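The structure appears below as structure tokens.
The values are calculated or read from the model by the stated rules, or taken from the named source; none is laboratory data. Quantities reported herein were computed from a predicted structural model and do not represent experimental measurements. All Cβ positions, even for glycine, are placed from backbone atoms using ideal geometry, and neighbour counts span all protein chains on display.
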Amino acid sequence: VTQPRAKLCKGCWQNFRIPVPLHGVASVPFRVLGIRPSRMNPNTCTVCELMFTRIMRARQITVDVTVLFADLRGYTAMSQTLPPHTITSVLDAFYDSCASAIWDHDGLLNKTIGDSIMAVFNFPIKQKDHALQAVQVAREIQSRWRRMEVADSLDLRGKDLGVGIGLDSGNVSFGEFGRSHRDLTAIGTVVNTAARAQSVASSGQILVTQAVRDRSGPEIEISGAARPYTLKGLAEPVVLYDA
Ligand SMILES: [Zn+2]
């Protein structure tokens, strides 16, 4: 990931009008206090990550967000046939292309889990149009990956490696969960639905819920076919749109 990053924390500025330097000499006193660029979004800081739990003294908060899951299809099969350094390069390339698309749209790369990632939009940087931003990120991940896939350096020609993506919007609980290993993350039905939508998306496909489609607005067209999917753990079939 090579593009320039914000000099001041976008979250602290947006929420508190406090300029928190992220780089250079001005950031040194902040770093001494443990305030540094967030690993989940380097345009925000570690205070932003915990702003609700620490500053507002709440264990968790309810936030309206869009959740995106992306997963590298064919990775397990590939990892049995390619040398370890190639596998590492593929995974790094996947993480990097996801991260730069997410950060370009002020999202939070909340988790990397094996060959998949989870991103959250509208936290800690607030975005009225977070559903729209998340759909744009999904499309960018797909197009970046298609360009990456044919890159000679990775030599993936003939390998069936694509990305499946799922999105949902709505309220989640954001906080630090887990007794032994504290982990800042989102939980709730929206997270589960986005993860399940990703699991039924085929390679190269983006599947979004009605909520995402309704809220992403007229700026982007989600004209793909809608059909009901039976998702693991959900009693009723869920209608998903090909975005
Ligand atoms: Zn901050």
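List of remarks:
- Restricting attention to the stretch 176-193, the residues that are in contact with a helix residue (DSSP H, G or I) (Cβ under 7 Å, 6 or more places away or on another chain), at pLDDT below 80 and among the hydrophobic types (A, V, I, L, M, F, W, C) total 0.
- Tally of residues being assigned to a loop (DSSP other than H, G, I, E, B), within 12 Å of the ligand (Cβ to nearest atom) and aliphatic (A, V, I, L, M) across the stretch 1-20: 3
- Members of the stretch 97-116 that are more than 16 Å from residue 164 (Cα to Cα) and outside any strand (DSSP E or B): 100, 103, 104, 105, 106, 107
- Verdict on residue 33 being at pLDDT 85 or above and in contact with a strand residue (DSSP E or B) (Cβ under 7 Å, 6 or more places away or on another chain): no
- Of the residues making up the stretch 21-35, those that are outside any loop (DSSP other than H, G, I, E, B) and within 12 Å of the ligand (Cβ to nearest atom) are 21, 27, 30.
- Flag for residue 77 being modelled with pLDDT of 95 or more and among the hydrophobic types (A, V, I, L, M, F, W, C): no
- Conditions (1) at pLDDT 90 or above; (2) within 16 Å of the ligand (Cβ to nearest atom); number of the one not met by residue 55: (1)
- Which listed residue is among the small types (Gly, Ala, Ser), at pLDDT 90 or above and in a strand (DSSP E or B), from 173, 199: 173
- Flag if residue 67 is away from the ligand (no atom under 16 Å from the Cβ), at pLDDT 90 or above, of a type in the set (A, V, I, L, M, F, W, C) and not in a helix (DSSP H, G or I): yes
- Count of the stretch 121-141 residues which are touching a strand residue (DSSP E or B) at 6+ places or on another chain (Cβ under 6 Å) and either basic (Lys, Arg) or in a helix (DSSP H, G or I) (or both): 6
- Some residue of the stretch 72-88 being away from the ligand (no atom under 16 Å from the Cβ) and assigned to a strand (DSSP E or B): yes
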